[in-house]
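Quick notes on the structure that follows.
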Amino acid sequence: VEGLGRTEQIYSVRFIGDRGYVVTFRQTDPLFVVDLSDPTAPVLRGELEIPGYSSYLHPIDEGHLLGIGQDADADGRTLGLQASVFDVTDPTNPTRVDQLVLPGESSEAEWDHHAFLYWAPTGHAVVPIWNGSLVLSVGPDHVDEQGRIQVPGGQEVRRNVVVGDRLLTLGADTLVTSSLDTLEPLS
């Protein structure tokens, strides 16, 4: 497939089944949907252009993606962390159904996929942000901030993991245990 995002840089790619999703960016964020059912002849099926970009894409279900990246203005200046839900059920007409923007924020999940946590049984996504973790409630029609996990001493969060009904947040030398339901600290 040629001509995707001319003069733009590829920021993320995700392959799911017989589809490929490609995000490019310079001033806007084209999300391209590519049909890979015949791998020798891929076909561009759809495109969505919005400000900013998603540098990490994660499937929520068969027809929806969660994008983590940066919001941007019309000139391509980044404004802060953004989480977007994309409806790709119709590959010829991908749409963004919801967006959450945190001005001035960024996340290690933007450049390291290991920093991203999606817990499908509860619809939680967790990404590290400055001095803690951002917990999102995610579904096919929404992305909302559920809360934040603070790490003592302003430590950088390295990883988040779910164990049973607890969310474990690992800082440089601290482990914070929280209730997955309420985000209340347990230890």
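The values are calculated or read from the model by the stated rules, or taken from the named source; none is laboratory data. As the structure is a computational prediction, the values presented were derived from the model and not from experiment. Ideal geometry is used to build each Cβ from the backbone, glycine not excepted, and the neighbour counts take in all protein chains shown. In case anyone asks, the SASA skips ligands and DNA or RNA and just uses the protein heavy atoms, side chains included. Shrake-Rupley method; radii C 1.70, N 1.55, O 1.52, S 1.80 Å.
Between Ser137, Gln150, Val101, whose Cα lies farthest towards the positive end of the dipole of the range 79-187 when Lys and Arg beta carbons carry +1 and Asp and Glu beta carbons carry -1, centred on the Cα centre?
Gln150
Just read off the accessible area of Leu186 with the full protein assembly in place, 1.4 Å probe, to the nearest 10 Å².
Roll a 1.4 Å probe over it and Leu186 shows about 90 Å².
Quick one: grab the alpha carbon gyration tensor of the range 24-88, order the square roots of its eigenvalues as a ≥ b ≥ c, and give me rounded if a/c is under 1.5, else prolate or oblate depending on whether a/b is larger than b/c.
It is oblate, given that a/c is not under 1.5 and a/b is not larger than b/c.
Percent of accessible area on the chain owned by carbon and sulfur, 1.4 Å probe?
Working: 4590 of 9080 Å².
After summing per-atom areas, the C and S share lands at 51 percent.
Treating only the Cβ of Lys, Arg, Asp and Glu as charged (+1, +1, -1, -1), what charge dipole size does the range 50-187 show about its Cα centre? Round to the nearest 20 debye.
Charge dipole, the range 50-187, about its Cα centre: 360 debye, nearest 20.
Between Pro30, Pro42, Pro91, where does the largest GNM mean-square fluctuation fall for the chain, given springs only between Cα atoms within less than 10 Å?
Pro42
Please label the shape of the range 69-116 as rounded, prolate or oblate, based on the square roots a ≥ b ≥ c of the eigenvalues of the alpha-carbon gyration tensor (a/c under 1.5 means rounded; beyond that, a/b larger than b/c means prolate, else oblate).
Verdict is oblate for the range 69-116.
Round to a whole angstrom and tell me the spacing of the C-alpha centers of the range 66-97 and the range 121-187.
Between the Cα centres of the range 66-97 and the range 121-187 lies a distance of 23 Å.
Provide the per-residue ³J(HN,Hα) series for the range 164-180, in order, calculated from phi with Karplus coefficients 6.51, -1.76, 1.60 and θ = phi - 60°, each as a whole number of Hz, with x at glycine and proline positions.
Those phi angles translate into x, 10, 10, 9, 9, 10, 9, x, 4, 9, 9, 10, 9, 10, 10, 5, 5 Hz.
Averaging over all projection directions, find the projected area of the Cα convex hull of the range 61-164 and quote it in nm² with one decimal place.
7.5 nm²
Using the Karplus curve 6.51 cos²θ - 1.76 cosθ + 1.60 with θ = phi - 60°, what ³J(HN,Hα) values do you get for each residue of the range 71-83, in whole Hz, with x for Gly and Pro?
Result, rounded to whole Hz: 6, 8, 8, 5, 8, x, 6, 6, 10, x, 4, 9, 10.
Please compute the contact order of the chain in relative form: average sequence separation of alpha-carbon pairs under 8 Å and at least six residues apart, divided by the residue count, as a percent.
Relative CO of the chain lands at 12 percent.
Rolling a 1.4 Å sphere over the protein heavy atoms, what is the accessible area per residue of the chain, to the nearest Å²?
Accessible area per residue, the chain: 49 Å².
Could you list which residues have their amide H under 5 Å from that of Gly63, counting only those 5 or more apart in sequence or on another chain, with H placed in the peptide plane?
Placed amide hydrogens put nothing under 5 Å from Gly63.
What does the accessible area of Thr89 come to, in Å² to the nearest 10, when a probe of 1.4 Å is used?
My reading of the accessible area for Thr89 is about 80 Å².
Tell me the label-point distance for the pair Arg77, Arg26, using the 7 Å Cα-to-Cβ offset, in nm and rounded to one decimal.
2.0 nm
Mind listing the phi-derived Karplus ³J(HN,Hα) values for the range 55-66, rounded to whole Hz, using 6.51, -1.76 and 1.60 with θ = phi - 60°, and x for any glycine or proline?
These are the phi-based 3J(HN,Hα) values: 9, 9, 10, 9, x, 8, 8, 4, x, 9, 10, 9 Hz.
Counting other Cβ atoms within 10 Å of each Cβ, which chymotrypsin sites (Phe, Trp or Tyr not before Pro) in the range 76-182 have at most 15 and sit in a DSSP loop? Let's see the in-between values first.
Values: sites: Phe86, Trp111, Phe116, Tyr118, Trp119, Trp130; in loops: Trp111, Phe116, Trp130.
The qualifying sites are Trp111, Trp130.
Is the C-alpha gyration tensor of the range 1-146 telling us rounded, prolate or oblate? Criteria: a/c under 1.5 is rounded; beyond that, a/b larger than b/c is prolate, otherwise oblate.
oblate
Amide H neighbours of Glu105 under 5 Å, at least 5 residues apart or on other chains, H built in the peptide plane: list them.
Amide H neighbours of Glu105, under 5 Å, 5+ apart: Leu81.
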